[in-house]
Amino acid sequence: EDKVVQSPLSLVVHEGDTVTLNCSYEVTNFRSLLWYKQEKKAPTFLFMLTSSGIEKKSGRLSSILDKKELSSILNITATQTGDSAIYLCAVEARRAGGTSYGKLTFGQGTILTVHP
Amino acid sequence: DTGVSQDPRHKITKRGQNVTFRCDPISEHNRLYWYRQTLGQGPEFLTYFQNEAQLEKSRLLSDRFSAERPKGSFSTLEIQRTEQGDSAMYLCASSPQPGQGTFEQYFGPGTRLTVT
């Protein structure tokens, strides 16, 4: 059964700090890893990492996929109070034949709290 | 608004009653997914459709749960004889069919179900 583990489960920082969130996975026929941000509503898409795209960056957020270590990190620099949210990591597996399996397996999430 | 929409946003029902939720995906997306999220956990996969075909169902989906996507557009999720353990946020997501560009899943706002 596919498994995703995130750490830490919660993190409290002050504005301006840099944080690193971790995600490790065990999945058969890995296809992609996705990061989502969830505030008091549905998850919003941040990044997708695949074998052909192991590093992504958008503004203060960046993410790296380490396929050898079966893990990913999400970095947030110069944190702001608006970054306070639950950050979810999910993996997608590949069916035989290479097409997408479809379902995402999510980790438990990391609750990030940024104080002013 | 061209995102994923769900209706209702909140539902309170008594144990034993039946409930039905609706999801309207992003119009050009072939795939539609249902997830369930309880407090402190990441979303858990329930089922997904490609067009009108239901391609996968989780073991979590007991025989009290049924999902349909009759015309390959909107989908409904019905829970019969609700139990208190069904209380959760029910999330719908959609994505393009793999091979049609990016395939990340975009989530709707969710339906929060409370069974009393």
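Where a number appears in this text, it was derived from the coordinates with a stated rule and is not lab data. Every value quoted in this text rests on a predicted model; they were computed, and no experiment measured them. Ideal geometry is used to build each Cβ from the backbone, glycine not excepted, and the neighbour counts take in all protein chains shown.
Is there a simple number for the mean count of other chain Cβ atoms within 10 Å of the Cβ of residues in A:42-52, and what is it?
Going residue by residue through A:42-52 and averaging, the value is 4.
Between region A:1-20 and region B:1-72, what's the alpha-carbon centroid distance in Å?
That distance is 28 Å.
How far apart, in nm, are two points set 7 Å out from the Cα along the Cα-to-Cβ line at residue B:97 and at residue A:13?
4.2
Need the list of aspartates and glutamates near residue A:37 for cross-linking: C-alpha distance under 15 angstrom, and skip anything on the same chain fewer than eight residues off.
A:83, B:104
Give the aspartates and glutamates whose C-alpha is closer than 12 Å to that of residue B:11, dropping any in the same chain fewer than 8 places away, or say none.
Answer for residue B:11, where 12 Å is the Cα cut-off: B:86, listed by chain and number.
Testing the spin-label approximation: label points 7 Å from Cα along Cα→Cβ at residue A:71 and residue A:44. State their distance in nm.
According to this spin-label approximation, the distance is 2.9 nm.
Given A:67/A:103; A:56/B:71; A:41/A:68, which pairs have Cα atoms separated by over 28 Å?
A:56/B:71; A:41/A:68
May I ask you to derive the relative contact order of chain A, considering only C-alpha pairs under 8 Å and at least 6 residues apart, and to give it as an integer percent?
37
Just subtract the alpha-carbon distance of residue B:84 and residue B:28 from 0.36 nm times their residue separation and send over the number in nm, one decimal.
The residue B:84-residue B:28 span can extend by a further 16.6 nm.
For a quick check: with amide H placed at 1.01 Å from N, whose amide H comes under 5 Å from residue A:30's, ignoring anything fewer than 5 positions away on the same chain?
Those qualifying (amide H under 5 Å, at least 5 residues apart or on another chain) are A:94.
Pop a pseudo-label 7 angstrom from the Cα along the beta-carbon direction at both residue A:5 and residue B:12 and give the gap in nm to one decimal.
4.0
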